[in-house]
Each structure stands twice: as structure tokens, then as C-alpha cells.
Amino acid sequence: MTILLLGGTTEATALAHRLAARPDLPATLSLAGRTSAPRAAPLPTRIGGFGGVEGLVAFLRSEGVRAVVDATHPFAARMSRNAAEACRSAGVPLLALVRPEWTPGPGDRWTIVPDMAGAVAALGVAPKRVFLTVGRLELAAFEAAPQHAYLVRTIDPVGEVALPDLVEIRHRPPFDEAAERALMEAERIDVLVTKNSGAAATRPKLDAARALSLPVIVVARPARPEGVETVATPQEALAWLERGHAPAP
Ligand code: NAP
């Protein structure tokens with residue numbers, strides 16, 4: 001094994017499919033293990049954390065990893081930081097594959113906040129019907145604002161959350177705009193809360209909110225580690241690997 005692909009995103013899966021067709025670029029996919037039933041992967045896959053920077057350095061050395069592609073979610077800040085530090089320390093080339101951010105256009109009513117606490121504050125004091133699409137691991141922050149009615153959409157069950165008015169729906173992306181609009185209308189949503197993930201598969205909720213003239217609270221991306229070469233598409237990541245950051249034959 002010589003290429004380590006840190007995954008958990010659509011882009012990582014797309015790159016994994018490209019690499020699966022390239023026996024000259026042998027790779028292993030790594031997942032954190034957050035979703036209980038991840039989609040079947042086309043590459044050999046390992047699941048679970050490495051044990052921080054030290055654990056990752058040890059893994060890079062023991063497995064003879066020659067290049068790392070960090071294609072984790074834009075909000076997986078700790079993994080990206082660890083990858084940057086471990087690769088620097090082990091002398092392994094690192095590429096970040098990061099999809100572009102969403103940006104507001106005409107008709108969008110966005111409030112951009114720096115983090116989940118900012119999103120909670122931006123909801124305000126008066127009770128609202130909130131469509132919460134921030135992932136199940138971020139829900140605890142909203143316990144500070146129990147006056148709102150929350151419609152929460154996640155992939156896995158949300159588990160214990162101390163919110164008196166929470167309705168859970170479970171769906172995997174991709175979503176489409178008409179269905180998103182219908183859902184927001186049927187649930188009489190006042191405001192949508194989302195991370196700026198930039199994913200095409202989850203973008204339709206923003207288009208639906210714009211069509212309904214609904215306000216959207218957008219949590220900005222966390223800072224990325226400095227000095228890491230970054231591309232936006234799986235194609236570019238493959239080209240980087242082909243250009244020589246790939247393993248020797
Ligand atoms: P995180 O806070 O940056 O990571 C926490 C820890 O999880 C890391 O320190 C690492 O443990 C382990 N980890 C994360 N990604 C890993 C990977 N690809 N392979 C092996 N270990 C990994 O990340 P997170 O927000 O918990 O996200 C976890 C995974 O879910 C990521 O792979 C990400 O792509 C995916 N995801 C995240 C979001 C989101 O909004 N955060 C959304 C969709 C998908 P050790 O320190 O022990 O190595």
C-alpha cells in the first residue's frame with residue numbers, strides 16, 4: 001500500500017473509484033467510522049482513528065505510505081491538522097482535496113456565522129421552526145436554545161439530545177430542490193441552518209430556501225492548515241498523484 005486517501009466525502013469516493021482503476025497507483029481508503037453503514041468502497045479500506053499525530057506518523061512509516069490525499073470533509077478540521085503535521089514530520093507529500101465553498105447569490109438571505117455557537121445565537125430569542133442540517137454530532141450546541149422547534153435531518157439516528165421539540169428525519173444525500181421546497185413548506189420552516197460544506201448533493205436546500213425567501217444561517221468553514229497544496233476536484237488530485245507524488249513502481 002502506498003497512497004493513503006483520507007475519505008468521508010463524495011470527492012474522496014470519486015477519487016477512490018478512479019484509483020481503483022489504476023493498479024499503478026495502489027491506495028488505501030481511510031474512514032473515521034462515523035456512519036454506521038458507509039457505502040461500499042472500491043478500494044481496500046481501513047476504519048477508525050489513527051491515534052492523533054503520533055499514531056498517523058507511525059502508520060505512514062509502518063505502511064510505507066508515499067503520498068497522502070486529505071479528502072476529508074471541510075469541517076473535519078482536526079483530521080486535516082493532524083494530516084498536515086504528521087506528513088511534515090514523516091516527510092510524506094500531502095495534497096488536500098477540498099471542494100469550493102458555497103457563495104451567496106442574488107435573492108439569498110444568508111447570515112454567516114463562525115461556528116455552531118454563532119448559529120445558535122443567530123436564531124434569536126423568539127421561538128422559530130428551524131431546519132437543522134448540520135450533522136448529528138453538532139446538535140448539542142442547540143440545547144442552549146430549547147425554545148425553538150427543530151426539524152433535524154441526519155444519516156444516522158441523532159441519539160440523546162436534550163431538546164423538547166425535535167423531529168428527526170433520516171435521509172442520505174443527494175437531495176433535490178423541489179422536494180426540499182416541499183419539505184420546508186410542509187414543515188412551515190422559518191429558518192435553515194447549515195454548514196458551508198459546498199457539496200453539490202446538499203446544495204438544493206439553499207436553492208429551495210432562496211425560492212421560498214427563507215433566511216439561512218451558514219456556519220463558515222474552519223481554518224485549514226497552512227502550506228498544504230490544495231486542489232478542488234478528484235481529477236486534479238489524480239493528476240497530482242500521476243505527476244510524481246505517486247509511489248515508485
Ligand atoms: P475530525 O473532528 O477532524 O476528526 C476527529 C478524529 O477522527 C481525527 O482526529 C481522527 O482520529 C479521526 N478521523 C477523522 N477522519 C478520519 C479518516 N478519514 N480516517 C481515519 N480517522 C479519521 O473529523 P469529524 O468532523 O469527526 O469527521 C469524521 C469523518 O467524517 C471525516 O473523515 C469526514 O470526512 C467525515 N465527515 C465529516 C463531516 C463534518 O461535518 N465534520 C461531514 C461529513 C463527513 P485520530 O486522531 O485518532 O486519528
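The values are calculated or read from the model by the stated rules, or taken from the named source; none is laboratory data. Fair warning: this is a prediction, and the values are worked out from it, not measured in the lab. FYI the Cβ positions are ideal-geometry reconstructions off the backbone, even for glycines, and counts take in every protein chain you see.
Scan segment 52-82 for residues that are in a loop (DSSP other than H, G, I, E, B), among the small types (Gly, Ala, Ser) and within 11 Å of the ligand (Cβ to nearest atom) and the total you get is 2.
Taking the options Ala144, Ala84, Ala90, Ala119, name whichever one is small (Gly, Ala, Ser), in contact with a helix residue (DSSP H, G or I) (Cβ under 8 Å, 6 or more places away or on another chain) and either assigned by TED's automatic domain parsing to the domain that holds Thr10 or over 23 Å from Val167 (Cβ atoms) (or both).
It is Ala90.
Is it true that Gly8 is closer than 27 Å to Ala201 by Cβ and near the ligand (Cβ under 7 Å from one of its atoms)? It is true that Gly8 is closer than 27 Å to Ala201 by Cβ and near the ligand (Cβ under 7 Å from one of its atoms). Please specify each residue of segment 11-31 satisfying the condition of being within 13 Å of the ligand (Cβ to nearest atom) and closer than 16 Å to Pro173 by Cβ. Of everything in segment 11-31, those that are within 13 Å of the ligand (Cβ to nearest atom) and closer than 16 Å to Pro173 by Cβ turn out to be Glu11, Ala12, Thr13. Listed here are the strands (runs of 3 or more DSSP E) enclosed by segment 148-203 that have at least 3 residues being under 20 Å from Ala76 (Cα atoms) and in contact (Cβ under 8 Å) with a residue 12 or more places away in the chain: 191-195.
Against the condition under 17 Å from Thr233 (Cα atoms) and assigned to a loop (DSSP other than H, G, I, E, B), how does Gly49 come out, does it pass?
Answer is no for this residue.
Looking at this structure, is Leu19 touching a strand residue (DSSP E or B) at 6+ places or on another chain (Cβ under 8 Å), outside the structural domain of Gly198 (by TED's automatic domain parsing), free of Cβ contacts under 8 Å to residues at least 60 places away in the same chain and not aromatic (Phe, Trp, Tyr)?
no
Test Arg34 against the stated conditions and say whether it is surrounded by fewer than 14 Cβ atoms within 10 Å (Cβ to Cβ) and within 13 Å of the ligand (Cβ to nearest atom). Judged against the criteria, Arg34 is not a match. Looking only at residues in segment 143-189 that are at pLDDT below 95 and among the acidic types (Asp, Glu), the one that is nearest to Phe131 (Cα to Cα) is Asp156.
For residues that are at negative phi, assigned to a loop (DSSP other than H, G, I, E, B) and not polar (S, T, N, Q), tally how many sit in segment 208-249.
Our first condition is that a residue be at negative phi; within segment 208-249, this holds for 208-212, 214-226, 228-243, 245-249.
Going one step further and asking which of them are assigned to a loop (DSSP other than H, G, I, E, B), we end up with 212, 214, 220-226, 228, 232-233, 246-249.
Checking which are not polar (S, T, N, Q) leaves us with 212, 214, 220-226, 228, 232, 246-249.
Total satisfying the criteria: 15.
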